[in-house]
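Peer 1: Before we start, here is the structure in question, set down as structure tokens.
The values are calculated or read from the model by the stated rules, or taken from the named source; none is laboratory data. It should be emphasised that the depicted structure is a prediction, and the values quoted were computed from it without experimental measurement. FYI the Cβ positions are ideal-geometry reconstructions off the backbone, even for glycines, and counts take in every protein chain you see.
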Amino acid sequence: MSADTSAPSGLPFASPDAVRPEVRGFKPYTPGLSIDEIRDRYGLAHVIKLASNENPLGTSPVVQQALRQKADLAFRYAQSGNPRLTAAIAAHHGVPAERVVAGNGSDEIIDLIVRVRAVPGVHNVVAFNPCFSIYELQTRLAGVEFRQAPLAADFSFDWDGLLALVDDATAVVFVTTPDNPSGFCPPVADLERLARALPTGCLLVVDEAYMDFCGDEAAHSLLSRIDEFPNLAVLRTFSKSFGLAGLRLGYGILPAQLADYLRRVRLPFSVNILAEEAGMAALADEVFRAETLRVTTEGRDALTAGLTALGCHVYPSKANFLMFRPAASSRGAAHLFEELLRRGIIIRPLKSYGLPDLLRVSVGSPDENAAFLKAAGEIMSHAG
Ligand SMILES: Cc1ncc(COP(=O)(O)O)c(C=O)c1O
């Protein structure tokens, strides 16, 4: 075999030309810090993570039992397209199964929608700014133009500003409700107006990752009326209220023809066999879900009251997290975040969302919420 003479340095992939232009300088998704990272960094025995909006009750005992029972299936591929799971999701929402596509987290559905719909150099994708960063990352990776309309100063949605960016080349509009990172949740009438105002060829993707925490889905979600809107897709996830973030399972409910295209291009086994079993068990476990919603709603109220009493400005949230501005008398968001970390409490700085003065905290268990409030109070009162 002759030696490779095309790479005198011996590092043929070191040059930026070795990858597609979209990949050069690509900034990866910024995840919440992990418990292990902080435990090791500060030598702590116990770490509380309130950074990624995971379920404060952990993994449902019913799901754990299903996973134990099905562990021996790990050597098998899942059935292609996960028909049993998509049928269960469809029954849960009262929609036809042909509309449902399951993915490796709703992240995968976001990626598929962009790649199936948008042609590089031709189409654009529109969202608010700030927004959940995967919309932008996957759009840019696909080589497609990404347009963003600023949110209003109070983090409500400027619909006119959003519509002003939409033209005949807009393939997808992403809207998150309740929104991440603010928790803002517009009335369903606003979404209805938006769906009707968009060109018929433009897909409105409403990302409802946190919708089940809003308390009144009929007042905020179009999902139960999806048949009325031929250009509407709704995304949901098992990562939050179902407590399965680590197994990676989400889904989209899409126009049937589009769902068919997504299924055709999806990598065949991206939803693995244990995620599928866990998803079906989680859907059936109404007790865990009801308890999750109760603990989250009560925790959200307790955190709102506690942070407000500490002088923070808390933005109203219908999700399982709160965005807040630390007390004016404190040393600010970066200081509070770092000091909490040193005490083993991880929350989410919002610098990567372009909001360096704000923080986001996930609703935890009553003990976790109390520990966070106690530590935040101590840190902010030692401002000098
Ligand atoms: C708005 C929003 N959409 C989608 C996701 C992705 O969820 P999944 O874990 O299903 O990929 C998240 C996760 O944090 C999110 O905040």
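Peer 1: Six or more apart or on different chains, Cβ under 8 Å: which pairs go from a residue in the stretch 100-114 that's in contact (Cβ under 8 Å) with a residue 40 or more places away in the chain and assigned to a loop (DSSP other than H, G, I, E, B) to one that's among the acidic types (Asp, Glu) and within 10 Å of the ligand (Cβ to nearest atom)? Could you list them?
Peer 2: none
Peer 1: Another question about this same structure. Let me spell it out: the conditions are (1) surrounded by 15 or more Cβ atoms within 10 Å (Cβ to Cβ); (2) assigned by TED's automatic domain parsing to the domain that holds Gly43, and Ala275 meets all of them except one. Which number is the exception?
Peer 2: In the conditions (1) surrounded by 15 or more Cβ atoms within 10 Å (Cβ to Cβ); (2) assigned by TED's automatic domain parsing to the domain that holds Gly43, Ala275 misses (2) alone.
Peer 1: I want to confirm something. Restricting to the stretch 145-168 and keeping residues that are in contact (Cβ under 8 Å) with a residue 24 or more places away in the chain and within 16 Å of the ligand (Cβ to nearest atom), which single residue is farthest from Cys214 (Cα to Cα)?
Peer 2: Per the criteria, the residue is Leu151.
Peer 1: It is to be established whether one or more residues within the stretch 100-110 are touching a Lys or Arg at 6+ places or on another chain (Cβ under 7 Å) and over 20 Å from Asn272 (Cα atoms).
Peer 2: No - not one qualifying residue is present in the stretch 100-110.
Peer 1: Under the condition of being more than 21 Å from the chain's Cα centre (by Cα) and among the β-branched types (Val, Ile, Thr), which residue from the stretch 285-309 is farthest from Pro56 (Cα to Cα)?
Peer 2: It comes out as Thr308.
Peer 1: Hey, another quick one. Going by what's in this entry, would Gly215 be described as under 21 Å from the mean Cα position of the chain (by Cα), away from the ligand (no atom under 13 Å from the Cβ) and in a loop (DSSP other than H, G, I, E, B)? Steps first, please.
Peer 2: Working: under 21 Å from the mean Cα position of the chain (by Cα): yes; away from the ligand (no atom under 13 Å from the Cβ): yes; in a loop (DSSP other than H, G, I, E, B): yes.
Here the answer is yes, as Gly215 does meet what is asked.
Peer 1: Next question. Select from the stretch 180-226 the residues that are acidic (Asp, Glu) and without any contact (Cβ under 8 Å) to a residue 40 or more places away in the chain and list them in ascending order. Spell out how you get there, then give the answer.
Peer 2: First pass over the stretch 180-226, keeping only residues acidic (Asp, Glu): 190, 192, 207-208, 212, 216-217.
Within the stretch 180-226, Asp190, Glu192, Glu208, Asp216, Glu217 meet the criteria.
Peer 1: Could you say whether any residue in the stretch 89-101 is at pLDDT 95 or above and within 12 Å of the ligand (Cβ to nearest atom)? Spell out the reasoning first.
Peer 2: Here is the first cut: in the stretch 89-101, the residues at pLDDT 95 or above are 89-101.
The next check asks that each one be within 12 Å of the ligand (Cβ to nearest atom); those that pass are none.
No: the stretch 89-101 contains no residue that is at pLDDT 95 or above and within 12 Å of the ligand (Cβ to nearest atom).
Peer 1: Quick check: is even one residue across the stretch 169-184 within 16 Å of the ligand (Cβ to nearest atom), farther than 30 Å from Arg325 by Cβ and either surrounded by 23 or more Cβ atoms within 10 Å (Cβ to Cβ) or under 15 Å from the mean Cα position of the chain (by Cα) (or both)? Steps first, please.
Peer 2: Going residue by residue through the stretch 169-184, those that are within 16 Å of the ligand (Cβ to nearest atom) are 172-184.
Now narrow it down to the ones that are farther than 30 Å from Arg325 by Cβ: 172.
With either surrounded by 23 or more Cβ atoms within 10 Å (Cβ to Cβ) or under 15 Å from the mean Cα position of the chain (by Cα) (or both) added as a condition, the list becomes 172.
Yes, the conditions are met somewhere in the stretch 169-184.
Peer 1: Looking only at the stretch 108-144, which residues are surrounded by fewer than 20 Cβ atoms within 10 Å (Cβ to Cβ) and within 11 Å of the ligand (Cβ to nearest atom)?
Peer 2: Selection gives Ser133, Ile134.
Peer 1: Of the residues that sit in the stretch 33-52 and are more than 16 Å from the ligand (Cβ to nearest atom) and crowded, with 19+ Cβ neighbours inside 10 Å, which one is farthest from Ile345 (Cα to Cα)?
Peer 2: Of the stretch 33-52, the ones more than 16 Å from the ligand (Cβ to nearest atom) are 35-48.
Now drop any that are not crowded, with 19+ Cβ neighbours inside 10 Å, which leaves 38, 47-48.
Numbers: Ile38: 9, Val47: 6, Ile48: 5 Å.
Within the stretch 33-52, the match that is farthest from Ile345 (Cα to Cα) is Ile38.
Peer 1: Considering only the stretch 115-148, state which residues are assigned to a helix (DSSP H, G or I) and out of contact with any His (no Cβ under 9 Å at 6 or more places or on another chain). Don't jump to the end; show me each part of the working.
Peer 2: Pass one, the stretch 115-148, residues assigned to a helix (DSSP H, G or I): 115-117, 133-141.
Matches in the stretch 115-148: Arg115, Val116, Ser133, Ile134, Tyr135, Glu136, Leu137, Gln138, Thr139, Arg140, Leu141.
Peer 1: Output the residues belonging to the stretch 18-47 that are β-branched (Val, Ile, Thr), farther than 30 Å from Leu141 by Cα and either touching a Gly at 6+ places or on another chain (Cβ under 6 Å) or part of a loop (DSSP other than H, G, I, E, B) (or both). Give the derivation first.
Peer 2: We begin by selecting, within the stretch 18-47, every residue β-branched (Val, Ile, Thr); these are 19, 23, 30, 35, 38, 47.
Next, from what is left, pick out any that are farther than 30 Å from Leu141 by Cα: 38, 47.
Within the stretch 18-47, Val47 is the sole residue that qualifies.
Peer 1: Select from the stretch 9-28 the residues that are touching a Ser or Thr at 6+ places or on another chain (Cβ under 9 Å) and charged (D, E, K, R) and list them in ascending order. Steps first, answer last, please.
Peer 2: Going residue by residue through the stretch 9-28, those that are touching a Ser or Thr at 6+ places or on another chain (Cβ under 9 Å) are 9, 12, 15, 27.
Across the stretch 9-28, the qualifying residue is only Lys27.
Peer 1: Can you tell me which residue in the stretch 284-325 is surrounded by the fewest Cβ atoms within 10 Å (Cβ to Cβ), limited to those that are of a type in the set (A, V, I, L, M, F, W, C) and in contact with a strand residue (DSSP E or B) (Cβ under 6 Å, 6 or more places away or on another chain)?
Peer 2: Just the residues of the stretch 284-325 that are of a type in the set (A, V, I, L, M, F, W, C), to begin with: 284, 287-288, 290, 293, 295, 302-303, 305, 307, 309-310, 312, 314, 319, 321-324.
Keeping just the survivors that are in contact with a strand residue (DSSP E or B) (Cβ under 6 Å, 6 or more places away or on another chain) gives 303, 307, 312, 314, 321-324.
Working: Leu303: 27, Leu307: 24, Cys312: 22, Val314: 19, Phe321: 27, Leu322: 25, Met323: 25, Phe324: 24.
Once the filter is applied, the top-ranked residue is Val314.
Peer 1: Give the residue, chosen from Ala51, Ala7, Ala3, that is part of a loop (DSSP other than H, G, I, E, B) and modelled with pLDDT of 85 or more. If you could, list the steps in order and put the result at the bottom.
Peer 2: Numbers: Ala7 fails: modelled with pLDDT of 85 or more; Ala3 fails: modelled with pLDDT of 85 or more.
Going through Ala51, Ala7, Ala3 in turn, the sole match is Ala51.
Peer 1: Would it be correct to say that Arg68 is within 30 Å of Ala259 (Cβ to Cβ) and not β-branched (Val, Ile, Thr)? Reasoning before the result, please.
Peer 2: On the way: within 30 Å of Ala259 (Cβ to Cβ): no; not β-branched (Val, Ile, Thr): yes.
No: the conditions fail for Arg68.
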